[in-house]
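Here's the structure, in structure tokens; my notes come after.
The values are calculated or read from the model by the stated rules, or taken from the named source; none is laboratory data. Treat the numbers as computed from the prediction; the structure is a model and nothing was measured. Here Cβ is always computed from backbone atoms with ideal geometry, including for glycine, and neighbour counts include all displayed protein chains. Calculation scope for accessible area: heavy atoms of the full protein, side chains included, ligands and nucleic acids excluded. Shrake-Rupley method; radii C 1.70, N 1.55, O 1.52, S 1.80 Å.
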Amino acid sequence: METYQLRDGLIVPKVGFGTYKLNGLAGVNTMVQALSNGYRLLDSAFNYENEGAVGEAVRRSEVPRSEIVVASKLPGRHHAYDEAITTIQESLLRAGLDYYDLYLIHWPNPLEDRYVEAWQALIDAQRFGLVRSIGVSNFLPEHLDRLEQETGVLPVINQVELHPFFNQEEQRAYNAQRGILTQDWSPLGRASEILSNEVLSEIAHKYGRNVGQIILRWEIQLDTMPIPKASSTMRQLGNLDIFDFALTDEEMAIINGLSKPDGRLKNQNPAEYQEF
């Protein structure tokens with residue numbers, strides 16, 4: 001597994017593992033299997049209601065805790081400073097962990113306008129030793145500018161919707177200029193028509209790969225971190241089998257050409273979308 005080094009020094013893998021809808025003992029087993037198959041980052045959230053399963057997977061895995069990056073996210077309903085601190089503590093209690101490696105604000109919820117307050121709570125949670133690194137999810141440049149202006153601290157990661165139909169070119173450039181790693185949710189397009197796209201299928205045929213592997217390789221070469229979810233061992237291993245080939249500049253440009261200004265799959269524009 002190749003890695004990135006975040007601005008604060010934390011080492012993270014170039015491909016993480018998404019845990020959305022992996023709940024209960026079945027979810028635990030899937031995550032243990034993923035760790036056994038080589039994944040080293042588990043991405044969760046308070047709202048996924050599976051932090052307990054994530055913690056249990058970490059305990060059951062033969063991989064040492066020190067080698068696993070465990071991430072979770074603060075929900076919009078708890079952006080108030082005191083609530084945010086308590087929620088992070090509750091996240092740890094749910095997981096049965098002493099610390100999170102990475103903790104994010106899930107959505108900025110700009111209409112509520114408390115994300116700066118929430119960010120100050122994450123800064124302090126890091127200072128208290130509850131989390132090692134802090135970041136955000138679905139933050140636009142205007143939100144990130146405000147965090148820096150009002151707290152002097154920028155996140156090390158910004159997790160955003162990113163796939164071939166929405167390549168986030170401007171957001172990626174903004175993040176890179178400020179030393180923020182772009183992390184990709186829904187990297188395979190939620191199993192949409194992206195996976196049957198003819199252009200991607202032709203490139204996949206050339207390399208003897210599947211379309212998902214081509215997409216993940218493209219995302220790696222964009223210097224981002226995809227976090228695909230997969231339940232079967234075959235798919236889990238396949239999603240990691242992307243480090244022994246490289247797409248050409250022309251192929252990268254062709255895939256980038258699939259991106260659309262309105263390419264969000266569910267119209268979740270962080271400028272107005274709210275999630276609690």
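Which residues, taken from segment 171-191, are free of Cβ contacts under 8 Å to residues at least 12 places away in the same chain and either surrounded by 14 or more Cβ atoms within 10 Å (Cβ to Cβ) or under 22 Å from T248 (Cα atoms) (or both)?
A173 - this is the single residue of segment 171-191 that is free of Cβ contacts under 8 Å to residues at least 12 places away in the same chain and either surrounded by 14 or more Cβ atoms within 10 Å (Cβ to Cβ) or under 22 Å from T248 (Cα atoms) (or both).
Looking at segment 3-29 only, could you name the residues that are touching a residue at least 60 places away in the same chain (Cβ under 8 Å), in contact with a helix residue (DSSP H, G or I) (Cβ under 8 Å, 6 or more places away or on another chain) and surrounded by fewer than 24 Cβ atoms within 10 Å (Cβ to Cβ)?
Correct list: K14, Y20, K21, L22.
In segment 59-70, is there at least one residue being of a type outside the set (D, E, K, R) and touching a residue at least 40 places away in the same chain (Cβ under 8 Å)?
Taking every residue of segment 59-70 in turn, at least one turns out to be of a type outside the set (D, E, K, R) and touching a residue at least 40 places away in the same chain (Cβ under 8 Å).
Output yes when any residue across segment 133-151 is of a type in the set (F, W, Y), surrounded by fewer than 22 Cβ atoms within 10 Å (Cβ to Cβ) and either over 13 Å from the mean Cα position of the chain (by Cα) or at pLDDT 95 or above (or both), and no when none is.
No; the residues of segment 133-151 include none that is of a type in the set (F, W, Y), surrounded by fewer than 22 Cβ atoms within 10 Å (Cβ to Cβ) and either over 13 Å from the mean Cα position of the chain (by Cα) or at pLDDT 95 or above (or both).
Every residue in segment 192-207 that is under 17 Å from Q268 (Cβ atoms) and open to solvent by 20 Å² or more (accessible area, probe 1.4 Å), please.
Matches in segment 192-207: S192 only.
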